[in-house]
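The values are calculated or read from the model by the stated rules, or taken from the named source; none is laboratory data. Bear in mind the structure is a predicted one, so any value in this text is a computation, not a measurement. Cβ coordinates were reconstructed from backbone atoms using ideal geometry, including for glycine residues, and neighbour counts include every protein chain displayed. Calculation scope for accessible area: heavy atoms of the full protein, side chains included, ligands and nucleic acids excluded. Shrake-Rupley method; radii C 1.70, N 1.55, O 1.52, S 1.80 Å.
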Amino acid sequence: MKHFIIGLSLILSIFFLNCSENKKDVSEEQVAAMRATTVDFMKDLKSILIEQIQIGGVLQAVAVCSDTAQVLTNKFGVERGIYIKRVSLKNRNPNNYPDDFEKEILNQFELLQQNKELNNKTEFVEIITEGDYNYLRYLKPIVIQAECLNCHGSQTEILPDVKNLIAQNYPDDKAVGYKIGDLRGAVSIKKVME
C-alpha cells in the first residue's frame, strides 16, 4: 500500500507539473477572474438555497435546485460571457454530468482528496483548443458542507418527503451518501479566448 501511495503521489506530481507547463499561457489575471467568478456563483447559489430552506424548508430548496438552479446558472453564464455548470461523477441532474475533460480533472480531485491534499486552494486551469477556438477551462472543487446533507447525506439524514421528491425528479440520482468534507464535484467554467 505504501508503494501504491508513493507511486500515486509521483503520478499526481508529474500530472500537475505538466499542467503547470500548460498554465504558462494563462495569466494570473485570468485565473483570478475565474476564481472570483466561481466565488460569486457559489455564493449566489448558496444564498438562494438557504433562503428557500428558511422560507419553505428543504422541500422548497429541492424544488429550487430542480427548476431554478439551472436557469440561474445559465443566466449567470450569459451575463458574464462564459459557459458555467456544476459537474459531478455522482450527478443528480443529468445536465450536470461531466464531459471527458471534466471527468479527468474530477478524477484528479478525487485522488487529491484520498491523499488528503484537496484544499480550498485546489483548482485546475488550462487553455485548450477545440475545433477553431481556444477556451480557458477552469474547475474548482465543490466540497460538502453541513447544509448539503439535507439532500446529499446518508439515507438517515435525508427526510422521507425529500427522498420522495428527489426520486420523482431524478430517478437516476447518484448524489447521496456524502459526509461533510467530501468532494461533491466542481464548478466548471469554459470561456472562449479572443
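Observations on the structure shown:
- Candidates Gly181, Gly131, Gly77: whichever shows maximal mean-square fluctuation once the chain is modelled as a Gaussian network with Cα springs under 10 Å: Gly131
- At R0 = 25 Å, FRET efficiency that the Cβ-Cβ distance of Asn107 and Val39 yields, to 0.05: 0.55
- P(r) weight above 11 Å for region 86-133, C-alpha pairs, percent: 73
- Lys75 accessible area, 1.4 Å probe, all protein chains in place, Å² to nearest 10: 120
- Top of Arg35, Arg80, Arg92 by mean-square fluctuation, Gaussian network on the chain, Cα under 10 Å: Arg80
- Cross-link pairs exceeding 29 Å in C-alpha to C-alpha distance, out of Lys75/Lys116; Lys43/Lys116; Lys46/Lys103; Lys43/Lys103, comprise Lys75/Lys116.
- The largest accessible area among Glu126, Glu194, Glu102, Glu117 belongs to the first residue in Glu194, Glu117, Glu126, Glu102, and the rest follow in falling order (1.4 Å probe, all chains).
- Residues of region 88-123 with an amide N closer than 19 Å to a point placed 7 Å from the Cα of Glu157 along the Cα-to-Cβ direction: 88-93, 110, 113-114, 116, 118-120.
- Beyond 20 Å, the tail of the calculated P(r) for region 61-194 holds 50 percent of the Cα pairs.
- Most positive-pole-ward Cα, Ile180, Ile84, Gln60, against dipole of the chain from beta carbon charges: Ile180
- Shape call, region 96-162: gyration tensor on alpha carbons, a/c limit 1.5: prolate
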